[in-house]
Amino acid sequence: MDADLYVSGDGWLHRADPRVKFALSLSLLVLCLVWRTPAIILAALIAEHAMLVSDRVPWERIAWVWKALAAIMVLIVVLWPIFDPSGTHEIWRWGWLRITRENLVMAAVMGLRIPALGFACFLTLFTTSQAKLIRGLTRLGMPYRAGLTLATSLRYIPVFFRIFQSVVDAQRARGLDLEGRSFLARARAYLPVIVAVLIRAFRMSQSVGWAMASRGLGMRLSGGVRRTSRVEIRMRGADWAMLAAIVLATAALIAVTALGMLG
C-alpha cells in the first residue's frame, strides 16, 4: 500500500472543493461519535461506501481499509461484553462474565463504529490530492508556515518509506538477519538500519532547507505583495449545493433524534 492515500480520478467527490469534503467528513464523524443507534451507524457506513463506489474509488482501496481496521474491530467486539455486563436479557453467564442480548448488540455497534469513523476520514483522503488538501486547510485559516510544514511532511512520508526499504534490502544483502529472533534481538538488529535512515533523512532535510531558503522562505512580504499558490481552489455552484445538503441533512437528523428523545 502506498503511503500516499490519494486515488487519482475525476469523480464527483474528486471534483468537489476540499472544504466541502472537510464538512462532510466532520458531519459523519460527529454523527458516529455522538449517536450509538445501530440504524445511524449502519446508515452512515452504507452511505460512505455508496459515495466511494459512485466516485469510482477501487474496491482494493476499500478492502484495504477493512483489513487495516479488522484487528481493532474484533478486539472491541470481544472485550465489550466483558467490561459492559449490562442488559436484562441474559444469554450466558459464567462467574463474573455475563453475556446479554443488549451488550452483544452494543458490541456490534461499537465494532461497526470504527470503520464508520475510518471511512468518514478516507472519503476526503482518497479523493483529495495533498496539494488541494493543504490548500483547503490554509483557506480555512491554517497559517502558511503550518500548511507548508504539513505539506512537506506528507510529501516525504513515501520518500522515507522507500529509503527505509532500500536500507533494509542493502543490509540483508550484507547478511543482516532480521527474522527468527526475539523482540529485543530484532530491535538491536534494526539499529544499523535506523542509523542509516536518520543520516539520510538529516542530509535530505538540509537540502530541503537550503532550497526553501534560496526561494525566499521566511522573508516578510511588503509593499502590498500577496503570496501566491500553485494550486487554487474556489467554490462552485455544485459545491455550495453539496454543502447545503450536508448541513440540512445533519440538522434534520439531529432534530429528529432530539424530538424522539423528548417524546
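At-a-glance table
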read-out	value
Residue count for segment 118-138, restricted to those that are among the small types (Gly, Ala, Ser) and surrounded by 22 or more Cβ atoms within 10 Å (Cβ to Cβ)	1
Subset tally (residues that are β-branched (Val, Ile, Thr) and either under 19 Å from residue 23 (Cβ atoms) or modelled with pLDDT of 95 or more (or both)) for segment 39-52	1
Cβ-Cβ under 8 Å pairs, at least 6 apart or on other chains, segment 155-177 side closer than 17 Å to residue 188 by Cβ, far side open to solvent by 70 Å² or more (accessible area, probe 1.4 Å) and in a helix (DSSP H, G or I)	167/200
Subset of segment 221-261 that is over 20 Å from residue 26 (Cβ atoms) and among the small types (Gly, Ala, Ser) - its residue that is modelled with the highest pLDDT	237
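The values are calculated or read from the model by the stated rules, or taken from the named source; none is laboratory data. Note that the structure is a prediction, hence the values are computed from the model and not measured. Every residue, glycine as well, gets a Cβ built from its backbone with ideal geometry; the counts of neighbours run over all protein chains shown. Calculation scope for accessible area: heavy atoms of the full protein, side chains included, ligands and nucleic acids excluded. Shrake-Rupley method; radii C 1.70, N 1.55, O 1.52, S 1.80 Å.
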